[in-house]
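Asker: After the structure tokens below, expect a handful of questions from me.
The values are calculated or read from the model by the stated rules, or taken from the named source; none is laboratory data. Computed from a predicted structure; not experimentally measured. Positions of Cβ are backbone-derived with ideal geometry, glycine not excepted, and every protein chain shown enters the neighbour counts.
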Amino acid sequence: MSERKPPLRSAQWFGTADKNGFMYRSWMKNQGIPDHEFQGKPIIGICNTWSELTPCNAHFRKLAEHVKQGILEAGGYPVEFPVFSSGESNLRPTAMFTRNLASMDVEEAIRGNPIDAVVLLVGCDKTTPALLMGAASCDIPTIVVTGGPMLNGKHKGKDIGSGTVVWQLSEQVKAGEISLHDFMAAEAGMSRSAGTCNTMGTASTMACMAESLGTSLPHNAAIPAVDSRRYVLAHLSGNRIVEMVNEDLKLSKILTKEAFENAIRTNAAIGGSTNAVIHLKAIAGRMGVDLKLDDWSRVGRGTPTVVDLQPSGRYLMEEFYYAGGLPAVLKRLGDADRLPFKDALTVNGKTLWENVKDAPLYNDDVIRPLDNPLTADGGICVLRGNLAPNGAVLKPSAATAELMQHRGRAVVFEDFDDYKARINDPDLDVEANDILVMKHCGPRGYHGMAEVGNMGLPPKILAQGVTDMVRISDARMSGTAYGTVVLHVAPEAAAGGPLAAVRNGDWIELDCASGRLHLDVSEEEIQARLAAFDATAASTLIASQGGYRQLYIERVLQADEGCDFDFLIGCRGSDVPRHSH
Ligand code: FES
Ligand code: MG
């Protein structure tokens, strides 16, 4: 083990033979901790998002035990603590609403407590960015341990993917193609082990982002939750975090602009979730790294999507791991000189390239060659125009190629309730070439920017055998979803963005090749319509009810800025000069 350089942060609590040291140690001793554990050992926090209401993270108490074994073995002392767990499947109005809340919890828990380093136990979508955001604002040695994906879902002899199959089957039930009985059977077959969504949804994407950023050990992203190797990785991460204290390897040495560019390139190669655009921006903001929406075009565009996973492709996370996992993808990129910063440092003290340069690749169907990709240009498509002055995004690998250049007539829904009330109406004036537009689903409008952007198609269109239409909104979309869906329109309607001005029958032009999203209405007319529209009325009404919702609506930033709270941007360090008594 390496020799320690800096003094231990925890010694500010436990290292003095006076009143303060007495207080800090004495209460800890009620847990049966002997004296020698306080003396000169790195105290390692294990930040746990375990919750039975976050089913994807419900196995984390076991995961934590393995991390603890690794910490103890390496000469550290583990202390596990809970933080707010943003569970994607249960939380209303959307887990994203609580991502910033969780990040504040994490930040203050890390800073205020006697720990020298922290292990972040993350899994379900928002838990990964929330914990990285909080940790980045403190900047102590940090390592990510992900809970891992569920085993493949099974239904009628076929593999089914978390989330993705829900979107597919719910449309098939609506179109009368399958029975309700089959629908319910799939519900049971989809989630048959511990772990996160097994598609390349937001959880898997963010796990890949954490690994490509260098914040986890290699293979952290893909090992299935119930595979014994997941627990070996947890143990090894426990070993490693103790060494990181001795090396003073803080998060700021890992989370550089270069690391984020590697992650953006990786996102294109894996066909990752559009949610990563928002989360990486928020994490970067906490670290003081200037990441822009246009970096996604500059670094990501032109990169082929080679990972053939649902929702864009065919396979699931189990196959991804067995095919070689993320190290195999990074090696494939690097061999072709398409990994921008091979020398970026990672938590194990090696560079990203050192970690992956000899990584085996076992299955070319799952991780395809760069010259036989799933999508030739897989990077996130950033769109701008008079409909989205501050940007919008589209995921090409999940879209229909022919629809990525499209001019259509707008069919407008004022908000999600309006959409739900009218979408099934047989008299709805809609044709297959129209563009579905939905307003008021952005960070302020829906408070939390729900994943409703992939609006299900009208049944009358589905009945014609049409499976995709262009859809535009200020919402997000689940990483497990697909379609030619323009998301994150900024500014959102509820912030007075031009999206609020769109009316039924307006013509809209989408051109992914040139990154253009244009409302074919004169500027004077748009301004006149916006002047007549009270953008803030709805959100002001909600804000007046108080509580966290008020804070959220008043301080949340727009999608292009990562949806963090304005006052949370930046790294505030880990110093707390004052004692507790
Ligand atoms: Fe938790 Fe998908 S719902 S990872
Ligand atoms: Mg999701």
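Asker: What is the residue count in the range 291-328 for residues that are part of a helix (DSSP H, G or I) and not aromatic (F, W, Y)?
Answerer: 14
To keep it simple, each residue is scored yes or no on (1) within 16 Å of ligand 1 (Cβ to nearest atom); (2) surrounded by fewer than 23 Cβ atoms within 10 Å (Cβ to Cβ); (3) not in a helix (DSSP H, G or I).
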| position | (1), (2), (3) |
| --- | --- |
| G479 | yes, no, yes |
| A490 | no, no, yes |
| L499 | no, no, no |
| I508 | no, no, yes |
| E525 | no, yes, no |
| R529 | no, yes, no |
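Asker: Just checking, which of N454, N424, N504 is within 16 Å of ligand 1 (Cβ to nearest atom) and either farther than 22 Å from G378 by Cα or touching a residue at least 24 places away in the same chain (Cβ under 8 Å) (or both)?
Answerer: N454
Asker: While we're on this one: With the condition kept exactly as written, say whether any residue in the range 219-229 is surrounded by fewer than 22 Cβ atoms within 10 Å (Cβ to Cβ) and in a helix (DSSP H, G or I).
Answerer: Yes, the range 219-229 contains at least one residue that is surrounded by fewer than 22 Cβ atoms within 10 Å (Cβ to Cβ) and in a helix (DSSP H, G or I).
Asker: Under 8 Å by Cβ, and 6 or more places apart or on different chains, what pairs join a residue from the range 533-558 that is more than 19 Å from A282 (Cα to Cα) with one that is surrounded by fewer than 14 Cβ atoms within 10 Å (Cβ to Cβ) and modelled with pLDDT of 80 or more?
Answerer: A543/E554
Asker: Which numbered condition trips up L63, out of (1) away from ligand 1 (no atom under 16 Å from the Cβ); (2) more than 15 Å from the chain's Cα centre (by Cα)?
Answerer: (1)
Residues checked against (1) within 14 Å of ligand 2 (Cβ to nearest atom); (2) free of Cβ contacts under 8 Å to residues at least 24 places away in the same chain:
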| position | (1), (2) |
| --- | --- |
| M96 | yes, no |
| K156 | no, no |
| G161 | yes, no |
| L180 | no, yes |
| M184 | no, yes |
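Asker: Evaluate the range 22-33: report whether one residue or more is in a loop (DSSP other than H, G, I, E, B), surrounded by 10 or more Cβ atoms within 10 Å (Cβ to Cβ) and among the charged types (D, E, K, R).
Answerer: no
Asker: Could you run through the range 244-277 and say how many residues are in contact with a helix residue (DSSP H, G or I) (Cβ under 9 Å, 6 or more places away or on another chain), part of a helix (DSSP H, G or I) and among the basic types (K, R)?
Answerer: 2
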